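Engineer: There's a structure below that I have some questions on.
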């Protein structure tokens, strides 16, 4: 069993599954514990849009009955999860964090990804807070479990905050410019953006269709791996650890580091923490190679232009034809949509045109240096105060929206899979994250590397923030 | 739109004023500071893209999620 487990909601998904199968724990007890954790923390972190206690417990009872009667749906059977409120979940409205969708109808079908989770036996607790239409990095009203005066990041901020506080074991997010990785970094959890196109986005409200990607947020790489296996439709058997198999035996990890772009304009504490993590990795035998990716800035610019134009197109008809409804949008998104409609088509086509070239460029970098993944900080700062949304101490004057996507967006342009995981703390204890960008189609390999690095760094073992707020179902009382 | 705009003309005070005017047609309450910041960010992105060498970009290639199968350049 994992270290530092104080309650049922602190268990890993793998340990939880083992406990279900040897009948140490039951899905009903664990779902109750998760609901208790929500009740104890929600007034502080505001991570959930809607929680359906009765339905969650009903599904948990079915899961329990199935397991008792020998039906095993796999690693997420009976595991409580949350779903970002841009995904359709049958029985819930998809309000996308927007007052413009106040009267959104109840969804009658699940998004394809949600369908896979449900078919895999997951217990859907409810919908988590998103930045309006997934366009931004703040996620109001959600707050950061490490310091509720601070933002959790976004746009999947509710999902990351809920996972960090132990209110669910995993949650779905979406990532168009960093919206899985950014809140994962700010909240000290793990987020995985698979390669663009590798998971079906049907039933997920779009932000920018040629960049939109969905993926899991969980507390550890192994939990993320288990969710990824279900999401991609792998067989329902209990998978081994990521990378179990002959291909991983005895081969040193080789990581690239691009100091230009990715190690510039960072808060000193972030730079210090990531450099310290690199030293730890080197001490464990990881080979670190200087691999300057000189087109990273262009990749970020490419993603930025595509993102802004496509988002304006998605919402453009409402902006022009339904001004009263458009007036319900938040001011930031209104400007983004209205201004985005004035970007010339030539600018958009230029960005589309260079995208393949940028991907070829980073493929060349991987090939020339023989690296398994590129390592970079995820955010230039730690979590910002909600009452002072200004980026400071990086040396750059930039908006939060631009600054917090600066290091993540290049990989949306290239479409690579990227794993974000905690790698340190700043001087006041806020999480610092790193990201590992791998090769498309080699998500399993990336997750194997990520798990090894996670074990070397050890930050996944930090206690859940606000863990003292509720016992979450005592292991001593409920599990012998 | 009434005004022809070239991607390489997306900078300077004229671009910002033009974007402010156009944005306000759709969002009359749009904050001027936010619109100007938007104009700056798009202009910066466009400048970075315009500095890329383009001699090996002869057409608009389709983007594939998979890693390039041919030998990378």
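The values are calculated or read from the model by the stated rules, or taken from the named source; none is laboratory data. Just so it is clear, the model here is predicted, and its values are computed rather than measured. FYI the Cβ positions are ideal-geometry reconstructions off the backbone, even for glycines, and counts take in every protein chain you see.
Engineer: Run down A:367, A:376, A:402, A:345 and say which single residue is surrounded by 20 or more Cβ atoms within 10 Å (Cβ to Cβ) and facing chain B (nearest Cβ under 10 Å). Please lay out each step first, then the result.
Structural biologist: Values: A:367 fails: surrounded by 20 or more Cβ atoms within 10 Å (Cβ to Cβ); A:376 fails: facing chain B (nearest Cβ under 10 Å); A:345 fails: surrounded by 20 or more Cβ atoms within 10 Å (Cβ to Cβ).
Exactly one residue qualifies, and that residue is A:402.
Engineer: Scanning segment A:327-370 for residues that are over 25 Å from the mean Cα position of the chain (by Cα), touching a residue at least 60 places away in the same chain (Cβ under 8 Å) and outside any helix (DSSP H, G or I), which turns out nearest to residue A:210 (Cα to Cα)?
Structural biologist: Looking at the filtered set, the residue picked out is A:328.
Engineer: Is there a residue in segment B:66-73 that is closer than 25 Å to residue A:212 by Cβ, at pLDDT 90 or above and more than 7 Å from chain A (Cβ to nearest Cβ)? Spell out the reasoning first.
Structural biologist: Here is the first cut: in segment B:66-73, the residues closer than 25 Å to residue A:212 by Cβ are B:66-69.
Next, only the ones that are at pLDDT 90 or above stay: none.
Among the residues of segment B:66-73, not one is closer than 25 Å to residue A:212 by Cβ, at pLDDT 90 or above and more than 7 Å from chain A (Cβ to nearest Cβ), which makes the answer no.
Engineer: Within segment A:261-319, can you find the residues that are in a helix (DSSP H, G or I), in contact with a helix residue (DSSP H, G or I) (Cβ under 7 Å, 6 or more places away or on another chain) and more than 14 Å from chain B (Cβ to nearest Cβ)?
Structural biologist: So in segment A:261-319, the residues in a helix (DSSP H, G or I) come out as A:261-262, A:268-283, A:296-319.
Checking which are in contact with a helix residue (DSSP H, G or I) (Cβ under 7 Å, 6 or more places away or on another chain) leaves us with A:261-262, A:277, A:280-281, A:296-306, A:308-309, A:311-312, A:315-316, A:318-319.
Passing the criteria: A:262, A:277, A:280, A:281.
Engineer: Is at least one residue of segment A:67-78 in a loop (DSSP other than H, G, I, E, B), over 25 Å from residue A:19 (Cα atoms) and touching a helix residue (DSSP H, G or I) at 6+ places or on another chain (Cβ under 6 Å)? First the steps, then the outcome.
Structural biologist: Residues of segment A:67-78 in a loop (DSSP other than H, G, I, E, B): A:69-78.
This time we only want the ones that are over 25 Å from residue A:19 (Cα atoms), so: none.
No, there is no match, as no residue in segment A:67-78 is in a loop (DSSP other than H, G, I, E, B), over 25 Å from residue A:19 (Cα atoms) and touching a helix residue (DSSP H, G or I) at 6+ places or on another chain (Cβ under 6 Å).
Engineer: Inspect all residues belonging to segment A:381-393 and state whether any of them is outside any loop (DSSP other than H, G, I, E, B), at pLDDT below 95 and more than 24 Å from residue A:192 (Cβ to Cβ). Explain how you work it out, then say what you get.
Structural biologist: Within segment A:381-393, the first condition is being outside any loop (DSSP other than H, G, I, E, B), and the residues that meet it are A:385.
Now narrow it down to the ones that are at pLDDT below 95: none.
No: segment A:381-393 contains no residue that is outside any loop (DSSP other than H, G, I, E, B), at pLDDT below 95 and more than 24 Å from residue A:192 (Cβ to Cβ).
Results for (1) outside any loop (DSSP other than H, G, I, E, B); (2) under 24 Å from residue A:358 (Cα atoms), shown as yes or no for each residue.
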| site | (1), (2) |
| --- | --- |
| A:416 | no, yes |
| A:423 | yes, no |
| A:441 | no, yes |
| A:445 | yes, yes |
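Engineer: Could I ask something else about it? Here is a list of conditions, (1) within 14 Å of chain B (Cβ to nearest Cβ); (2) part of a loop (DSSP other than H, G, I, E, B), and residue A:410 meets all of them except one; can you say which number that is?
Structural biologist: Condition (2) is where residue A:410 drops out.
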